[in-house]
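The values are calculated or read from the model by the stated rules, or taken from the named source; none is laboratory data. Given the structure is predicted, the values throughout are model-derived calculations rather than measurements. Positions of Cβ are backbone-derived with ideal geometry, glycine not excepted, and every protein chain shown enters the neighbour counts. Heavy atoms of the whole protein, side chains included, go into the accessibility calculation; ligands, DNA and RNA do not. Shrake-Rupley method; radii C 1.70, N 1.55, O 1.52, S 1.80 Å.
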Amino acid sequence: MKQVTILGATGSIGRSTLDVIRRHPDRYAVFALTAHSRVDVLLEQIPLFRPAVVVVGSPEAARQLEAELDGTCRPEILWGEAALCQVASDDAVDCVMAAIVGAAGLAPALAAAQSGKQVLLANKEALVMSGALFMDTVRAGKASLLPIDSEHNAVFQALPAGFRGLADEGVRRILLTASGGPFRTREPASLVDVTPEEACAHPNWVMGRKISVDSATMMNKGLEVIEAHWLFGAGADQIQVVIHPQSVIHSMVEYTDGSVLAQLGNPDMRTPIAHALAYPERIDSGVASLDLFEVARLDFERPDLARFPCLGLAFEALRAGGSAAAVLNAANEVAVEAFLERRLGFTGIADVCRRVLEHFGTAAVCSLQDVFDADRAARELARRAIAA
Ligand code: NDP
Ligand code: MG
């Protein structure tokens, strides 16, 4: 029986993870569930999954949970970042799903890596912010890292088991597919008027609001390029982004002999989640068979960096190295939040990111403190730029 902690259990990935776990009560037990603000969702999950511990974001949320829980299942209730790190590293835990959104997920994901857990990483921002430190922590802690992001999970599946590095395995390139989001064909001049509702209406995937906006700007693909760099040791020139509107091929690996291996499936995150939970075995995820006759055709396009400047900014940050990716990620988080709160226009997201990245450039990163310092400074400048 694998004991699992789910960081971000109330979110889109968290709920899909619980849906897979629910199908295999003989294999998985939930040690801890964490939420930030959605106490109502957590209240529904507790009697179904009977966690030993739950973590929420504030003392008020903890008191509300305490008051509304019925008597049959009463987990220990904790709150705050130290508690997130505690349930990610507890001796009783085998496997941690890191599915908190944004920089808030970094410390608990690192805690899981440090204590040698099987880390299922959905929280790409953690790796983007602190790639070198994160990978060093995984090695030092003897943790195993399994990508949940569908593209990286696909690449992982198309690479040989016991992967030793791209050169050793004869890999020429990684082809990261991208749906192109809801604005792939929209007239660029009309993007200034985009509303949060339009940006969050993704054609193929149902996701949290932040990643939905990132998909619409294609910053999501930019963050994924940086994520692929750290996970697979690929240089910026070895990663090609391919727009593939059907989202059926989740990514590909091209080998030196010209072979291209792809992983296909319906666009449903329960597939990569089930793959990583059971690895190296295979379990039912609840996802229907892929109907290729229904799909009928697969299209591919080159990404247009004029339409999607955020993708270009991410490549710039990757090439700059050091703190640049943490700076870009922080500026983007602040800009996306402002866009969702209607304080910033859609095209303003890329403008803010560019200004903040150009202002700070890059600096050496020697410690986690350097990462948090770069993150804080970038957030402050982004907030000032948006308020001005
Ligand atoms: P959601 O917004 O749906 O869920 C986010 C989760 O994080 C919620 O449980 C939320 O709690 C919690 N959370 C938010 N802020 C904090 C905080 N400050 N401290 C602690 N917990 C917090 O996001 P998704 O599930 O869509 O995405 C999660 C991560 O997975 C992201 O990094 C995303 O990029 C990545 N990912 C998502 C995919 C998807 O299909 N959704 C695909 C690939 C990657 P609460 O709701 O209780 O406030
Ligand atoms: Mg993805």
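Overview of results
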read-out	value
Length added when fully stretched, Arg139-Glu60, from 0.36 nm per residue minus Cα-Cα	24.7 nm
Summed residue charge, Cβ within 15 Å of Ser259's Cβ, Lys/Arg positive, Asp/Glu negative	-1
Gained length - Arg297 relative to Ala82, 0.36 nm times residue gap less alpha-carbon distance	72.5 nm
Longest DSSP-loop-exposure-free segment, GluC sites (Glu not before Pro), the chain, at most 16 other Cβ within 10 Å	1-168
Per-residue [θ]222 nm for the chain (sum of -39500 (n - 2.57) over DSSP H runs n ≥ 4, rounded to 500)	-14000 deg cm²/dmol
Rounded to the nearest 10 Å², the accessible area of Tyr279 at probe 1.4 Å	80 Å²
Most to least accessible of Asp351, Asp268 (protein chains only, probe 1.4 Å)	Asp351, Asp268
Which of Tyr28, Ala228, Val155, positive extreme of dipole for the chain (C-beta unit charges)	Ala228
Whole-percent carbon and sulfur share, accessible surface of the chain, 1.4 Å	51 percent
Kyte-Doolittle at least -0.5, axis length at least 27 Å by Cα - qualifying DSSP helices, the chain	368-387
